[in-house]
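Asks: So that we are looking at the same thing, I have put the structure below in C-alpha cells.
Where a number appears in this text, it was derived from the coordinates with a stated rule and is not lab data. Note that the structure is predicted; figures quoted are calculated from it, not measured. Every residue, glycine as well, gets a Cβ built from its backbone with ideal geometry; the counts of neighbours run over all protein chains shown.
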Amino acid sequence: MELKLNKTHLTKDLQLSDEALGSLMMALQKSLLEQSDITPVLKDFRFRIADGQLFVMNPPIVKFGIEQVSEEENNED
C-alpha cells in the first residue's frame, strides 16, 4: 500500500480484493437478471481496508429460482 501526502489529503493507492471484485460482479449479475439499476447497490456497498485491499462488508445476495421438473417430463427425453 502506497501512502501519498498532498497539501490537503492523505491518499492511499488500493486494489479491489478478489472478494470485492466478486461482489461487484454479483451486483452486475443481479442488475442484469432483475433488469434494474445497479447504482443503488453500488452506493450501498460498505468497504473495509485490509492489507492494502478493499473488501465489501455487505455483498449483494442473488437468488436464482429453481424450476421443478416432474418425473414424467424428465422421462420424455
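Asks: Scan (1) under 16 Å from the mean Cα position of the chain (by Cα); (2) in a loop (DSSP other than H, G, I, E, B); (3) surrounded by fewer than 10 Cβ atoms within 10 Å (Cβ to Cβ) for the single condition Pro59 breaks and write down its number.
Replies: Failed condition: (3).
Asks: Considering only region 26-59, state which residues are among the charged types (D, E, K, R) and more than 16 Å from Gln15 (Cβ to Cβ).
Replies: Filtering region 26-59 down to residues among the charged types (D, E, K, R) leaves 30, 34, 37, 43-44, 46, 48, 51.
Answer for region 26-59, where residues must be among the charged types (D, E, K, R) and more than 16 Å from Gln15 (Cβ to Cβ): Lys30, Glu34, Asp37, Lys43, Asp44, Arg46.
Asks: Let me ask something else. Please enumerate the residues belonging to region 10-52 that are polar (S, T, N, Q) and in a helix (DSSP H, G or I).
Replies: Initial filter on region 10-52 (polar (S, T, N, Q)): 11, 15, 17, 23, 29, 31, 35-36, 39.
Listed by number, the residues that qualify are Ser23, Gln29, Ser31, Thr39.
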